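First up is the structure itself, then whatever we jot down about it.
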Amino acid sequence: MQLGEFSKFLKTLSLKPIQVLDASIALSKYVPLNLSVTNKSLKSVNIASISELSQFIKHNILQQKGKVAFGGYLETRNIYKRSGHFKNDITEERNIHLGIDLWSEATTVVLTPLDAKVHSFKNNTNFGDYGPTIILEHNIDGVVFYTLYGHLSLKSIESLKVGQVFKQGEPIATLGDETVNGNYPPHLHFQIIKDLQGNFGDYPGVCAKTDLDFYSQNCPDPNLILKIN
């Protein structure tokens, strides 16, 4: 299946929204959040400070009377400047976000959107990295692809096993806090991946502009299946 056809395939998997966070949170309580370089209100926020960024996100949610903030696919963000982990070399910066972020409280339950088995998991401990991460493998009508869940709790991977099977809607993890999740306000990084390129427990969630053509096709918009908005 060509990468362009893969996006069309994902869109047909469900006519209804599919949830990857606690299903008791109504989708009407999901509100948009813009963390891109174009958001002028971020200019007064020290995004390297977890407390300031947390306050900005909480204010955004409360102002819109929501419970979960979402967004981020293909956003160009300044937040990654705080960590050397996001530089390919001394000149090229990785700052384009390849998944969707769902900002909620630590310990919020994470669900598998589709039938799956555990491909791999790992605690990615670089500053600004994913922290505990799970990658699920899906095989639907012979089409194999993967979903990645980053910024989880340590408990999420303590007793997990490669090959472990989950049915759609089953809990697979909980969100971690800033002490374990790469130093971010609690949230889920959810990403769809067609070709894992041999990775195990990790895959780039942020890319440089020069690599965007490939990654935007290999990691299509998660909202094709989530259908949040």
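The values are calculated or read from the model by the stated rules, or taken from the named source; none is laboratory data. Remember, it's a predicted structure, so these values are computed and weren't measured experimentally. Quick reminder, even Gly has a Cβ in these numbers, built from the backbone with ideal geometry, and neighbours come from all protein chains shown. We work out accessible area using only protein heavy atoms, side chains counted, and drop any ligands, DNA or RNA first. Shrake-Rupley method; radii C 1.70, N 1.55, O 1.52, S 1.80 Å.
What's the long-distance tail for the chain, i.e. % of Cα pairs beyond 33 Å? Summing the P(r) tail past 33 Å for the chain gives 10 percent. On the stretch 78-229, 49 percent of the accessible area sits on carbon and sulfur atoms, based on a 1.4 Å probe.
Taking Lys and Arg as +1 and Asp and Glu as -1, the other residues whose beta-carbon sits under 13 Å from that of Q19 total +2. Accessible area per residue for the chain, computed on protein heavy atoms with a 1.4 Å probe, is 47 Å². With contacts taken as Cα pairs under 8 Å at a separation of at least 6 residues, the chain carries a relative contact order of 24 percent.
Summarised in one figure, the compactness ratio Rg/Rh of the stretch 157-229, Cα atoms and Kirkwood Rh, is 0.97.
Per-residue extension of 0.36 nm, minus the Cα-Cα distance of K65 and N229, leaves a gain of 57.4 nm for this segment.
Computed extension length for K122-N39: 26.6 nm, one decimal, from 0.36 nm per residue of separation with the Cα-Cα distance subtracted. The length gained on full extension between A23 and E92, counted as 0.36 nm times the residue separation minus their Cα-Cα distance, comes to 20.9 nm. Rg/Rh for the stretch 39-165 stands at 0.99; both radii use Cα atoms, and Rh follows the Kirkwood definition.
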